[in-house]
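**Student:** Please find one structure pasted underneath; my questions will follow.
The values are calculated or read from the model by the stated rules, or taken from the named source; none is laboratory data. Note that the structure is predicted; figures quoted are calculated from it, not measured. Here the Cβ positions follow ideal geometry from the backbone for every residue, glycine too, while neighbour counts run over all protein chains shown.
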Amino acid sequence: MIALDENGNFKTDSKNRLVKSARPDVQNFESETRCMQTTWEADENFGKNILVWTLAQSITDRATDLVRIGSKYLTVLSVSYNSTTKRYDVKC
């Protein structure tokens with residue numbers, strides 16, 4: 001699997017060749033939940049549609065979604081919400 005950087009772009013090495021992901025399980029999870037976390041720009045081809053995520057879902061519903069999706073790739077230990085950063089912290 002091709003590695004992605006923190007902005008969701010393909011990573012390359014010093015010779016401009018694509019790099020393999022060191023943690024494809026984590027990358028798959030981050031890619032699928034990208035619009036939920038607002039870490040990358042929402043893309044209708046990846047993860048849940050941003051409109052679905054933002055309409056009428058409680059923090060608990062969102063945490064449940066993150067556990068459900070994360071369980072496809074990782075062993076999810078906990079999900080917590082940081083009200084200051086408005087981000088979810090997923091421990092695996």
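**Student:** Scan the range 24-60 for residues that are at pLDDT 75 or above, under 13 Å from the mean Cα position of the chain (by Cα) and either exposed (fewer than 12 other Cβ atoms within 10 Å of the Cβ) or not aliphatic (A, V, I, L, M) (or both) and jot them down.
**Tutor:** Scanning the range 24-60 gives PRO24, ASP25, GLN27, ASN28, PHE29, GLU30, SER31, GLU32, THR33.
**Student:** Considering only the range 1-21, state which residues are touching a residue at least 24 places away in the same chain (Cβ under 8 Å) and either in a loop (DSSP other than H, G, I, E, B) or loosely packed, with under 10 Cβ neighbours inside 10 Å (or both).
**Tutor:** MET1, ALA3, GLU6, ASN7, GLY8
**Student:** Could you go through the range 71-78 and let me know if any residue there is modelled with pLDDT under 80 and exposed (fewer than 14 other Cβ atoms within 10 Å of the Cβ).
**Tutor:** Within the range 71-78, not a single residue is modelled with pLDDT under 80 and exposed (fewer than 14 other Cβ atoms within 10 Å of the Cβ).
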